[in-house]
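The values are calculated or read from the model by the stated rules, or taken from the named source; none is laboratory data. This one's a predicted model, so the numbers in the text were calculated from it and none came from an experiment. No Cβ is skipped: glycine too gets one built from the backbone with ideal geometry, and neighbour counts run over all protein chains shown. Each accessible area value is taken on the protein alone, full model and side chains, heavy atoms only, with ligands, DNA and RNA left out. Shrake-Rupley method; radii C 1.70, N 1.55, O 1.52, S 1.80 Å.
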Amino acid sequence: MTISITTEFIRKTLYPIEVIDTPDILKQYAHDTLSCYDTNAAAILFPENTEQVQNIVQFAKKHHLKLIPSGGRTGMTGGATAIQHELIISMDKMNHILSINKTERLITCQPGVILQTLHEYVELHRLFYPITLAAKGSCQIGGTIATNAGGVHVVKYGNTRQWVAGLKIITGNGDYLDLNSRGLMKNNTGYALHELIIGSEGTLGIITEVTLRLTQLPKKPMTLLLSHDSLHHVMTCFNTTKQSITLLAFEFFDQSSLNQVMQHQTLQQPFQNEAPFYTLIEWEATPDSEELVFQLLEKGLSEGWVSDGVFSQNETQREQFWQYREHISEALRQDQPYKYDLSIPIASIPDFYEQVMPLFQQDSMRLQSAWFGHIGDGNIHLNVFQSTPNMQTEFYAKCEKLNQTLFAYVKKYGGSISAEHGIGLLKKPYLSFSRSASEVKLMQQIKTIFDPYHLLNPGKIFDMPSDDHHQNSAV
């Protein structure tokens, strides 16, 4: 029998946790940047500590309510979208930095801390947290862990996974787990359970405290902006450059992406002549590296794999170079693009591009595309859009028709349908292109161990076997 649970009952039972169910706030919190789903959230809860999160989960377990952990909602696959009348657990109030250990280079904080806030705090202590994203001003630490975020420095520092030393979580069963929260470098006492939480998209447990590793501040970065006639030339540049200097970032974008940014940000074309592709290269400046890069630029220009290039002369110019890259997603948002977040073996990227581009140019499609991303680690952010964004239903139907063919090419080249944004709702139908049936079954079994009542972020990544004996109570 379904029991009606009112918002007022939730508010009284879970006091002093703030509970909001006003329509405008519900609409704001019920989805991430992907807005193609009809949302249906019951209420938003704002806990302030681990104990309150545990109380929420135990309450949901008792009354068979579904829960969605919610951070900065900057994801792009519907991973934080409410479509089943779920309760949203916002981490906005769990936003405190708790301690920093400069001896062991560790920082402990709550999951709602904004990434940029963390960057600024650790830099005051002459330390560095290397994960940085275009959404750093609004994304939250817990969300970056739940999706194993990458960003522009992966080529040197790796993904978020490399920097998570320990976690505290509440499982879907309401259990509190302390998973190496002291950040021990050596702790070989069985399975590293915190590794399962990283990239799990909130389906196994709710992160309530985080311990992250830090490193030394990089030396003053040098930045180089180049143009190229082809992706093959981009790859020649990458292979040549990485043999000579230690890269901090190796980003790329095409002219279509640049056009969008220039229009949105009122920036100027960086070079006199347009080019099919551009690269943004950054490294730690040393006397040797500066001379090496000058030599590489001269070599690229003379051999033809660089069309034009310019060094940043000061911090203002360096920031302008990064605007060309970091504002692409924001500039494209007005066109409501269909987003692909692909991982392709780096050497195969030019061939993949040449096989995929004709798909968008078919008479039945006539779609525009923008290619950009972290080519230094093989992560391509392919955005597809059309000149008439008001025809979204027809447009999404076209993209979904293309997906089978496009993802088949991803599989052919040994890639992944999700490099850093996760699966969420958007990519769930295509998980088989990257994961076998046996792997999915094993993941479902792990999900059931951590979340036996299937309360946490339901319907994300994969569907669970039907669970008819746990009915969702009305709210």
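Only residues that are among the hydrophobic types (A, V, I, L, M, F, W, C) and touching a Pro at 6+ places or on another chain (Cβ under 8 Å) were counted across segment 308-351, and they come to 2. Do the conditions hold for THR33, that is, is it surrounded by fewer than 23 Cβ atoms within 10 Å (Cβ to Cβ), of a type outside the set (A, V, I, L, M) and under 26 Å from LEU332 (Cα atoms)? It is true that THR33 is surrounded by fewer than 23 Cβ atoms within 10 Å (Cβ to Cβ), of a type outside the set (A, V, I, L, M) and under 26 Å from LEU332 (Cα atoms). Within the option set LEU382, LEU406, being surrounded by 13 or more Cβ atoms within 10 Å (Cβ to Cβ) and part of a helix (DSSP H, G or I) holds for one residue only, LEU406. As a summary of the residue check, GLY166 satisfies the conditions (1) touching a Ser or Thr at 6+ places or on another chain (Cβ under 6 Å); (2) open to solvent by 10 Å² or more (accessible area, probe 1.4 Å) except for the one numbered (2). Contact map, segment 427-454: residues that are assigned to a helix (DSSP H, G or I) paired with residues that are of a type in the set (Gly, Ala, Ser), Cβ distance under 6 Å, separation 6+ or inter-chain. Pairs shown: PHE450/GLY172; PHE450/GLY205.
Number of residues in segment 342-368 that are at pLDDT 95 or above, of a type in the set (Ser, Thr, Tyr) and either touching an Asp or Glu at 6+ places or on another chain (Cβ under 9 Å) or part of a loop (DSSP other than H, G, I, E, B) (or both) equals 1. Across segment 154-197, the qualifying residues are those that are of a type in the set (S, T, N, Q) and assigned to a helix (DSSP H, G or I), and the one among them that is nearest to CYS109 (Cα to Cα) is THR160.
Going by the conditions given, is LYS27 farther than 30 Å from PRO337 by Cβ and surrounded by fewer than 17 Cβ atoms within 10 Å (Cβ to Cβ)? Against the criterion (farther than 30 Å from PRO337 by Cβ and surrounded by fewer than 17 Cβ atoms within 10 Å (Cβ to Cβ)), LYS27 does not qualify. Scanning segment 419-469 for residues that are among the basic types (Lys, Arg) and more than 18 Å from the chain's Cα centre (by Cα) turns up ARG435, LYS441, LYS447.
Every listed requirement among (1) open to solvent by less than 10 Å² (accessible area, probe 1.4 Å); (2) outside any strand (DSSP E or B); (3) under 21 Å from TYR353 (Cα atoms) is met by LEU226 save one, (2). Here the condition is being within 28 Å of the chain's Cα centre (by Cα) and of a type in the set (A, V, I, L, M, F, W, C); of LEU292, LEU296, LEU267, LEU301, it holds for LEU267 alone.
Of everything in segment 304-316 that is of a type in the set (S, T, N, Q) and in contact (Cβ under 8 Å) with a residue 12 or more places away in the chain, the residue that is farthest from GLU290 (Cα to Cα) is SER307.
Of LYS339, LYS401, LYS428, all but one fail to be among the basic types (Lys, Arg), at pLDDT below 95 and open to solvent by less than 60 Å² (accessible area, probe 1.4 Å); the exception is LYS339. Among the residues of segment 179-194, those identified as open to solvent by 70 Å² or more (accessible area, probe 1.4 Å) and either without any contact (Cβ under 8 Å) to a residue 12 or more places away in the chain or closer than 30 Å to ASN379 by Cα (or both) are MET185, LYS186, ASN188, THR189, TYR191.
Each residue in segment 434-455 was checked for being in contact with a helix residue (DSSP H, G or I) (Cβ under 7 Å, 6 or more places away or on another chain) and either open to solvent by less than 40 Å² (accessible area, probe 1.4 Å) or modelled with pLDDT under 95 (or both), and 2 pass.
All of LEU332, LEU280 fail the test of being touching a residue at least 24 places away in the same chain (Cβ under 8 Å) and either open to solvent by 20 Å² or more (accessible area, probe 1.4 Å) or in a helix (DSSP H, G or I) (or both), apart from LEU332. Pick out the one residue from ILE88, ILE44, ILE107, ILE5 that is open to solvent by less than 20 Å² (accessible area, probe 1.4 Å), aliphatic (A, V, I, L, M), more than 23 Å from PRO458 (Cα to Cα) and not in a helix (DSSP H, G or I). Checking each option against the conditions leaves just ILE107. Can you tell me which residue is most open to solvent (accessible area, probe 1.4 Å) among those in segment 244-262 that are modelled with pLDDT under 90 and among the polar types (S, T, N, Q)? Result: THR246.
Listed here are the residues, each with its yes/no results for (1) at pLDDT below 95; (2) among the polar types (S, T, N, Q); (3) on the phi > 0 side of the Ramachandran plot.
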residue	(1), (2), (3)
GLN265	yes, yes, no
GLN272	yes, yes, no
PRO276	no, no, no
LEU297	yes, no, no
ARG318	yes, no, no
